[in-house]
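These notes are about the structure you will find just below.
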Amino acid sequence: MEIKFNNVGYIYNEKSSLEKEILKDLNLEIKSNQINAIIGKSGSGKTTIIEMINALIIPTSGNIKVDNCFIEKKSKIVNISLLRFNVGLIFEFPEEQFFNKTVEKEIGFGLKTFNYKTDEIKQRISNALKMVGLDDSYLPRNPHTLSNGEKRKVAIASILVFNPKVVIFDEPTVGLDSNSKNNLIRLIKMLKNKYNKTIIVVTQDVDFLHKMADYIFVLSDKKVVLEGDKYQVFSEVETLRKHGIGVPKVIEFSHKVLMEKGIKMGYRDEINDLIKDIYRYAK
Amino acid sequence: MDDILIIKDLTFKYNDNIIFDNFNLTIKRGTWTTIIGPNGSGKSTLVKIIMGLIKSDSYIVIDNTLKTNDNIKEIRKKIGVIFEHPDSTFVAETVMDEMAFALENLELKNDDIKRKIKEVSKYLNITHLLEKNPFQLSGGQKQLVALASILVLEPTILILDEAINRIDYVERDNILAVLSKLHKEKGVTIINITHDIEEAVYGDDVILIDNGKIILNGNKELVFLEEKVFNQIGLDIPFMASLSQKLMYYNLIDEMTFDMDLMVNKIWK
């Protein structure tokens, strides 16, 4: 599904004393069936971007093409509910929005409002649970009593139940320990590989992103200042720093060796490969 | 060094879930301890019990004072806590008023309040923020303001409850530098409670808790040798600890090293 930003600008509280320009002439094209990541300091407009894809907010200038639909100020969106079915948005701390007494009701709530038949709702809930790695035994459980990792999975399932083509995650690792993070990485990769979803992740967690992103957009000064696959982006250590973004530890180390000792060790994903390099160059 | 915090035989139930069962903990004065544990291990409950936000009958001594139901105000003066969401504790419309709030409640004289605010804001390098609205600051600045409004009370223990893991990386470096200064120059005891294992490279000691029990406790150089124990409860060890161990195995360095610059200089002398 095509998602393309054309010269998008966004100004909060336009024409008031609190006016603040967040984005200016932003151009960006999401890669289909890949894991796209948007990184940037807080306040750089990351969340604004993803809320626009779902038409929760409308750009103050320019337009966004999502599939056959244009999101822009001058014209009304023709089929907004179809757009929201296609684009699933998972907010930061999604489990804080739970308000039902069972997992089944929580996940099925959205569908119910759209007059789906009971049988189909059941089937979809079951499928959504399976996608996030939980089984039907969770259906009668109270979502509030689950572990943090399980809560987040249920929250994700309540979006997947709509069968969206695009799934957007806003800061999905916030508050998760390393075990739950690794589970989330597996889940996101599976959504891409097995279910052919396009994934968009907004995050500041570079170590997490380094383990799963295919393509990265770096947001700063109201626009995209750097983009490319993760190797291209993370080799620009100094540029990233200039925009207030750190790099994964494994890359920080190689970069330090290059800067201080003039030894070029190359880009490494894994700590074990880094060790081999160190061993080779230290002798 | 004496023990600044002693918790003995703490038992705490939440509904029918046992959170702590005969839990014991001591923290030495002037140390920087990281308390780490997976989600749901009881970390936040522990802070609430220490602060008296949750009642418990257990034996808790803070800075040589036995905590009772009557002296909770006195206890809270000794401990400053910075929470994950500083907004939830802000009450004033300017940073200056925010810092003055607790002091006014203590009925300090205006001149003394002004002097303290000046002193602390200088120390934290936030004098340029004094007239600003705390709610409109960046995440890192908010945490500095939260810290400032605690420091005016001159606490002996500073507890960080998941306070730095959501801050931008540049701002986080700045806060950690400020905390180091505070720890070194003023001898403030720091207890950092977090689920982010990378934060454990700052400070001296590490306590690993899971299911309300202390699994590992000691100097970080020793604790992180137990990588398997961390893995068993679903945690990794910090990058630098993992790298250190592997390099020690290949005889490239001789001891656990948490500082990246230092390590590079050890390998390439």
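If R0 is 35 Å, what FRET efficiency do you get for A:TYR281 and B:ASP259 from their C-beta distance, rounded to 0.05? Spell out each step's value before the answer.
On the way: r = 20 Å, r/R0 = 0.57.
It comes to 0.95.
For chain B, with a Gaussian network of springs between Cα atoms less than 10 Å apart, report the residue from B:GLN245, B:GLN141, B:GLN232 with the top mean-square fluctuation. Largest GNM mean-square fluctuation: B:GLN232. What whole-number distance in Å separates the alpha-carbon centres of the range B:8-51 and the range A:119-143? That distance is 35 Å. Taking max minus min of the alpha-carbon positions on each principal axis, chain A gives extents of 68, 50, 33 Å, largest first. Which percent, to the nearest 5, of DSSP beta bridges fully inside chain A are antiparallel? Taking every DSSP beta bridge within chain A, about 55 percent pair in antiparallel fashion. With both labels modelled 7 Å from their Cα along Cα-to-Cβ, the A:ASP273 to B:ASN231 distance reads 2.0 nm.
Inter-label distance, B:GLU119 to B:ASN22: 4.6 nm, where each label sits 7 Å from its Cα along the C-beta direction.
Please list log₁₀ I(q)/I(0) at q = 0.12 Å⁻¹ for chain B, using the Debye equation with identical point scatterers on the alpha-carbon positions. Log-scaled intensity ratios, in q order: -0.79. Which FRET efficiency value, to the nearest 0.05, is calculated for B:ASN15 and A:ASN182 with the Förster distance at 51 angstrom and r the Cβ-Cβ distance? Efficiency, rounded to the nearest 0.05: 0.95. Modelled spin-label separation between B:PHE135 and B:ASN69, with each label point placed 7 Å from Cα along the Cα-to-Cβ direction: 3.7 nm.
Please report A:GLU21, B:GLU185 as a ranked list, fewest other C-beta atoms within 10 angstrom at the top and most at the bottom. Let's see the in-between values first.
Details: A:GLU21 13, B:GLU185 9.
Lowest count first: B:GLU185, A:GLU21.
Residues considered: A:PRO94, A:PRO140, A:PRO59. Largest GNM mean-square fluctuation over chain A, using C-alpha springs under 10 Å, is found at A:PRO140. Shown is the FRET efficiency for A:ASN27 and A:PHE70, computed with R0 = 22 Å from the Cβ-Cβ distance and rounded to the nearest 0.05: 0.90.
On full extension, the segment bounded by A:LYS4 and A:LYS20 gains 3.4 nm, given 0.36 nm per residue less the C-alpha separation. Counting Cβ atoms of other protein chains within 10 Å of each Cβ in B:254-261 and taking the mean gives 1. Under a Gaussian network description of chain A, with springs only between Cα atoms under 10 Å, the residue in A:PHE162, A:PHE91, A:PHE114 that fluctuates furthest is A:PHE114. In straight-distance terms, cross-link reach from B:LYS28 covers every one of the lysines whose alpha-carbon lies under 21 Å from its own, apart from those fewer than eight places away in the same chain; here that gives B:LYS8, B:LYS43, B:LYS48, B:LYS67, B:LYS77, B:LYS78, B:LYS181, B:LYS184, B:LYS186, B:LYS213, B:LYS220.
Over all Cα atoms in the protein assembly as shown, the spread is summed up by Rg and Dmax: 25.0, 72 Å.
Each reported figure results from applying straightforward, stated rules to the coordinates on display, with no laboratory input. These numbers come from a predicted model, not from an experiment. Neighbour counts are summed over all protein chains in view; Cβ atoms, including those assigned to glycine, are modelled from backbone coordinates with ideal geometry.
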